[in-house]
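Accompanying notes for the structure given below.
The values are calculated or read from the model by the stated rules, or taken from the named source; none is laboratory data. As the structure is a computational prediction, the values presented were derived from the model and not from experiment. Every residue, glycine as well, gets a Cβ built from its backbone with ideal geometry; the counts of neighbours run over all protein chains shown. Keep in mind that these areas ignore ligands, DNA and RNA; they rest on the heavy atoms of the full protein, side chains included. Shrake-Rupley method; radii C 1.70, N 1.55, O 1.52, S 1.80 Å.
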Amino acid sequence: MTIDHGNTTRRGIIKGAAAALALAGAARAALPGGAFAQGAGPEVKGAKLGFIALTDAAPLFVAKEKGIFAKYGMPDTEVLKQASWGTTRDNLVLGSEGNGIDGAHILTPMPYLISAGRVTQNNVPVPMYIMARLNLNGQCISISKEYIDQKIGLDTKPFKVALEAKKASGKAVKAAMTFPGGTHDLWIRYWLAAGGIDPDKDIETIVVPPPQMVANMKVGTMDCFCVCEPWNEQLIHQGIGYTAVTTGELWKDHPEKAFAMRAAWVDKYPNAAKALLMAVMEAQQWCEKPENRDELAAIVAKRQWINVPVADVIDRMKGKFDYGTGKVVENSPFTMKFWADNASYPYQSHDLWFLTEDIRWGKFDPTTDTKALVGKVNREDLWREAAKALGVASIPTSTSRGVETMFDGKVFDPANPAAYLSSLGIKKVA
């Protein structure tokens with residue numbers, strides 16, 4: 001299994017992270033309901049937030065471009081492009097004090113992997129808080145045009161046959177994702193495994209940063225990949241491959257990216273953190289409106305953000321999915337959501353699913369106390385505080401969205417993740 005440890009050149013500064021974990025725990029104990037003081041202004045005027053060039057980072061782009069960060073007293077907030085998820089992790093470990101970043105648009109499992117020290121230098125925990133979900137749906141699994149005749153979709157059994165034939169000819173077969181244990185890794189693993197393809201034995205799993213996916217498939221680096229837009233649509237426009245599935249077909253309205261911050265920063269600047277969260281939530285509301293989607297596509301395509309032609313963004317942003325196989329879906333039910341259907345609310349049950357899948361694939365030990373870990377990282381309490389201040393009409397009161405059913409019939413009950421793991425062949429979970 002490939003592990004991307006990314007850029008490790010600036011990590012000497014993380015030696016104090018263990019102490020930071022203890023400090024964050026003490027702060028949470030002292031302020032169990034969240035540290036936001038009503039009516040107080042931000043303690044600082046800005047923060048450094050990272051993003052990867054993907055359309056689900058759109059709320060951060062909009063909050064910056066439309067002055068929403070400034071509206072909430074955070075005019076100096078910087079939204080900084082990161083080269084890869086490994087770089088994002090490294091810069092979060094460093095923090096802005098170490099010339100890194102304070103928060104980020106991030107793969108939902110990453111704050112857990114970082115907080116638990118599973119992907120950090122010397123396995124040192126760096127406490128993180130998930131403040132909001134940034135979106136639902138909107139990722140895709142794409143396949144090289146080498147397999148265009150098979151028109152692979154939800155069923156990967158035909159893909160298994162094609163991969164075995166390729167391997168029998170002496171050629172390697174590879175599946176690319178963006179970070180081990182991250183959402184893209186979990187979607188492509190789930191999809192492959194459902195058709196009998198073992199992602200650890202039958203195909204080599206490799207790490208490729210999102211903006212490099214298309215170029216790598218063009219030169220034959222991988223047979224399939226999972227990533228967010230615009231890279232799947234760009235792949236089709238360049239005639240290099242096609243879309244097998246959009247991930248909403250695996251799990252409708254599934255959670256995807258999160259807005260996360262270093263716990264130490266939130267605990268030190270609680271009012272500034274609330275201001276950032278309110279700005280992101282207002283930007284999500286703007287992004288959701290259909291009448292804004294043309295402008296949204298133009299914004300995210302800009303050079304300082306994703307740097308692609310608007311044509312690579314606009315169709316799927318508005319719900320039109322050309323799979324590149326002759327299949328075209330208008331008004332797709334799996335279009336990316338930023339606010340509708342409680343898209344922004346960071347349900348703890350969603351985070352628990354990601355941790356359960358990461359146990360399945362060895363990123364966490366089967367004995368991990370997942371509920372305790374979710375309780376430390378997921379700050380849905382702060383989301384509700386921000387929502388009240390924004391005057392949000394309908395605020396979820398439950399930390400769970402309830403029982404979820406995957407495309408292959410597997411049922412995830414957040415009250416009993418052990419049963420779900422048992423159905424997948426994993427025998428023990430805390």
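Brief remarks on what is shown
- Within the set 162, 176, the sole residue that is touching a helix residue (DSSP H, G or I) at 6+ places or on another chain (Cβ under 7 Å) and buried (at least 24 other Cβ atoms within 10 Å of the Cβ) turns out to be 176.
- Count of segment 254-270 residues which are in contact with an Asp or Glu (Cβ under 7 Å, 6 or more places away or on another chain), buried (at least 21 other Cβ atoms within 10 Å of the Cβ) and under 21 Å from residue 45 (Cβ atoms): 3
- Taking the listed residues 369, 312, the one that is crowded, with 17+ Cβ neighbours inside 10 Å, more than 20 Å from the chain's Cα centre (by Cα), farther than 22 Å from residue 253 by Cα and not hydrophobic (A, V, I, L, M, F, W, C) is 312, with no other qualifying.
- Identity of the residue in segment 199-219, touching a helix residue (DSSP H, G or I) at 6+ places or on another chain (Cβ under 8 Å) and in a loop (DSSP other than H, G, I, E, B), that ends up nearest to residue 357 (Cα to Cα): 199
- Output for segment 360-413, where each listed residue is β-branched (Val, Ile, Thr) and either modelled with pLDDT of 95 or more or in contact with a helix residue (DSSP H, G or I) (Cβ under 8 Å, 6 or more places away or on another chain) (or both): 368, 370, 374, 377, 392, 395, 399, 403, 405, 411
- Checked against the criteria, residue 256 counts as at pLDDT 95 or above, within 25 Å of residue 211 (Cα to Cα) and touching a Ser or Thr at 6+ places or on another chain (Cβ under 8 Å).
- The conditions of being surrounded by fewer than 22 Cβ atoms within 10 Å (Cβ to Cβ) and either under 18 Å from the mean Cα position of the chain (by Cα) or over 28 Å from residue 419 (Cβ atoms) (or both) are met by residue 332.
- In segment 178-198, residue nearest to the chain's Cα centre (by Cα) [restricted to those that are outside any helix (DSSP H, G or I) and more than 14 Å from residue 231 (Cβ to Cβ)]: 182
- Segment 271-290: number of residues that are assigned to a helix (DSSP H, G or I), more than 12 Å from residue 131 (Cα to Cα) and open to solvent by 10 Å² or more (accessible area, probe 1.4 Å): 6
- Residue, nearest to residue 252 (Cα to Cα), within segment 128-148, restricted to residues that are among the aliphatic types (A, V, I, L, M) and touching a helix residue (DSSP H, G or I) at 6+ places or on another chain (Cβ under 9 Å): 136
- The set of residues from segment 32-50 being surrounded by fewer than 24 Cβ atoms within 10 Å (Cβ to Cβ) and either modelled with pLDDT of 95 or more or out of contact with any Asp or Glu (no Cβ under 8 Å at 6 or more places or on another chain) (or both) comprises 32, 37, 38, 39, 40, 41, 42, 43, 44, 45, 46, 48.
- Within segment 234-249, the residues that satisfy the criterion of being outside any strand (DSSP E or B), touching a helix residue (DSSP H, G or I) at 6+ places or on another chain (Cβ under 6 Å) and open to solvent by less than 10 Å² (accessible area, probe 1.4 Å) are 235, 247.
- Pair list, Cβ < 6 Å and 6+ apart or interchain, from segment 150-173 residues that are free of Cβ contacts under 8 Å to residues at least 40 places away in the same chain and among the small types (Gly, Ala, Ser) to residues that are surrounded by 13 or more Cβ atoms within 10 Å (Cβ to Cβ) and in a helix (DSSP H, G or I): 162/147
- Scanning segment 128-157 for residues that are more than 30 Å from residue 110 (Cα to Cα), of a type in the set (Phe, Trp, Tyr) and not in a helix (DSSP H, G or I) yields a total of 0.
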